[in-house]
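Participant: One structure, pasted below without further comment.
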Amino acid sequence: MMDIRAAWLGTACLLLAGFSAGIPPFGWLSGPVMAQSRADSEAGAAEIAQPPKRSVIRFVTSGDYPPFNYEDEDGVLTGFNIDIARAVCLELDVTCNIVARKWNELLPVLGRGEADAIVASIKVSPGSLKVADFTDRYYFTPGRFVARKKFRSYEMTPEGLEGRSVGVVKGTAHEAFVNRYFRDCKIVSFGRNYDARQALREGQVDFLFGDGMGMMFWIHGTQSAGCCEFRGGAFSDQRYFGDGIGIAVRKGENDLRRQMNKALAVIRSSGRLEELFLRYFPIKIY
């Protein structure tokens, strides 16, 4: 208390001296003292704004979604998403702690503060944004057309495919997309992916439209028997196929989200992201 009173008395004496000398009130603060005070304030503000340095980021994922996140034969978590998390940790110079949980537990675990982030291909959507924030997107799942390799080429536009038969899975965003933009095609809906793909193999439909990621694995898997290939480019309408995949963090965790965004930007610009894609995915889907 005595220190506070002494400080106030000192200030009062300086002000009185200034008035006596004809110096405008507080004019003495415009010199070096004012500059030093401003510098000290700015340094203090910068110190406060600087987020505390993390030593570890606690990720949760699921262990049964290959090749994105899964446990190998030795029970070790691996996959595209796992490598993304490790690359982020490496860039931020922190330890990665990645634990597998059941899919339906991921968002609740994050909300309770038992994890810092989720890296498990959770789509950024109005529903997920209600319970979590997301980093910048590091991959998207576009819609793609597939045809038999020996089937003749067509321009993959609504006009080019007019009158051709296109298979889709009933009740999906891909069915809704085709119904809206390719309405002059002969749209054939199937109950399951398996049925739609078999129909394409056997020539019951001319084209198949669906999830580009899933189609890629089917094309290069044993079930397709090498029958088919992508035709045309990727369709990435966010209203139908979502806003991509990012790392989920707790609502309001802006410091961590910004740090991860910087790391993801470096991973992308350095070519590391493309290397990981080529490691896990046989062909580009975009």
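The values are calculated or read from the model by the stated rules, or taken from the named source; none is laboratory data. Remember, it's a predicted structure, so these values are computed and weren't measured experimentally. Cβ placement follows ideal geometry from the backbone for every residue including glycine, while neighbour counts extend to all protein chains displayed.
Participant: For E229, only one of the following conditions fails: (1) over 15 Å from the mean Cα position of the chain (by Cα); (2) part of a loop (DSSP other than H, G, I, E, B); (3) under 30 Å from Y181 (Cβ atoms). What is its number?
Facilitator: All conditions pass for E229, except number (2).
Participant: Can you tell me how many residues within the range 173-202 are of a type in the set (G, A, S) and in a loop (DSSP other than H, G, I, E, B)?
Facilitator: Our first condition is that a residue be of a type in the set (G, A, S); within the range 173-202, this holds for 173, 176, 189, 191, 196, 199.
Of the ones still in play, those that are also in a loop (DSSP other than H, G, I, E, B) are 191.
Selection size over the range 173-202: 1.
Participant: Still on this structure, I have one more. I'd like to know if the range 96-114 contains one or more residues that are closer than 17 Å to G244 by Cα, of a type in the set (K, R) and surrounded by fewer than 18 Cβ atoms within 10 Å (Cβ to Cβ).
Facilitator: The answer is no, given that none of the residues of the range 96-114 is closer than 17 Å to G244 by Cα, of a type in the set (K, R) and surrounded by fewer than 18 Cβ atoms within 10 Å (Cβ to Cβ).
Participant: Now a separate question. Would you check if F80 is touching a residue at least 60 places away in the same chain (Cβ under 8 Å), surrounded by 17 or more Cβ atoms within 10 Å (Cβ to Cβ), assigned by TED's automatic domain parsing to the domain that holds S269 and of a type in the set (F, W, Y)? Steps first, answer last, please.
Facilitator: Details: touching a residue at least 60 places away in the same chain (Cβ under 8 Å): yes; surrounded by 17 or more Cβ atoms within 10 Å (Cβ to Cβ): yes; assigned by TED's automatic domain parsing to the domain that holds S269: yes; of a type in the set (F, W, Y): yes.
Spelling it out, F80 is indeed touching a residue at least 60 places away in the same chain (Cβ under 8 Å), surrounded by 17 or more Cβ atoms within 10 Å (Cβ to Cβ), assigned by TED's automatic domain parsing to the domain that holds S269 and of a type in the set (F, W, Y).
Participant: When you scan the range 162-172, do you find a residue that is assigned to a loop (DSSP other than H, G, I, E, B) and in contact with a Ser or Thr (Cβ under 6 Å, 6 or more places away or on another chain), even just one? Steps first, answer last, please.
Facilitator: As a first pass, look at the range 162-172 and keep what is assigned to a loop (DSSP other than H, G, I, E, B): 162-164, 170-172.
Then drop every residue that is not in contact with a Ser or Thr (Cβ under 6 Å, 6 or more places away or on another chain), which leaves 170.
Yes, some residue in the range 162-172 is assigned to a loop (DSSP other than H, G, I, E, B) and in contact with a Ser or Thr (Cβ under 6 Å, 6 or more places away or on another chain).
Participant: Among the residues of the range 173-218, write down those that are at pLDDT below 95 and under 18 Å from Q238 (Cβ atoms).
Facilitator: A173, D211, G212, M213, listed by residue number.
Participant: Turning to a different aspect of this structure: For the list (1) touching a strand residue (DSSP E or B) at 6+ places or on another chain (Cβ under 9 Å); (2) modelled with pLDDT under 95; (3) on the phi > 0 side of the Ramachandran plot, I need the number of the one condition that P67 fails.
Facilitator: Going through the list (1) touching a strand residue (DSSP E or B) at 6+ places or on another chain (Cβ under 9 Å); (2) modelled with pLDDT under 95; (3) on the phi > 0 side of the Ramachandran plot, P67 breaks only (3).
Participant: Could I ask something else about it? Applying the selection to the range 117-137, what residues are surrounded by fewer than 18 Cβ atoms within 10 Å (Cβ to Cβ) and assigned to a helix (DSSP H, G or I)?
Facilitator: Passing the criteria: P126, G127, L129.
Participant: Now a separate question. Quick check: anything in the range 175-190 surrounded by fewer than 16 Cβ atoms within 10 Å (Cβ to Cβ) and under 27 Å from F80 (Cα atoms)?
Facilitator: No.
Participant: Just give me the residues in the range 192-241 being more than 19 Å from K149 (Cβ to Cβ) and surrounded by 20 or more Cβ atoms within 10 Å (Cβ to Cβ), in sequence order.
Facilitator: Within the range 192-241, D211, F241 meet the criteria.
Participant: Further question: Cβ contacts < 8 Å: first residue within 15 Å of I285 (Cβ to Cβ), restricted to the range 216-228; second residue among the small types (G, A, S), any location; separation 6+ or different chain. Result?
Facilitator: W218/S224; C228/A147
Participant: Working carefully through the options K102, K130, K123, find the one that is assigned by TED's automatic domain parsing to the domain that holds R258 and within 12 Å of the chain's Cα centre (by Cα).
Facilitator: Answer to the selection: K123.
Participant: Taking K149 as the residue in question, decide whether it is within 30 Å of N81 (Cβ to Cβ) and surrounded by fewer than 20 Cβ atoms within 10 Å (Cβ to Cβ).
Facilitator: No; evaluated as a whole, the condition is false for this residue.
Yes/no matrix, rows are residues, columns are (1) in contact with a Pro (Cβ under 9 Å, 6 or more places away or on another chain); (2) assigned to a helix (DSSP H, G or I):
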{"residue": "L256", "(1), (2)": "yes, yes"}
{"residue": "M260", "(1), (2)": "no, yes"}
{"residue": "A263", "(1), (2)": "no, yes"}
{"residue": "V266", "(1), (2)": "no, yes"}
{"residue": "E274", "(1), (2)": "no, yes"}
{"residue": "F277", "(1), (2)": "no, yes"}
{"residue": "I285", "(1), (2)": "yes, no"}
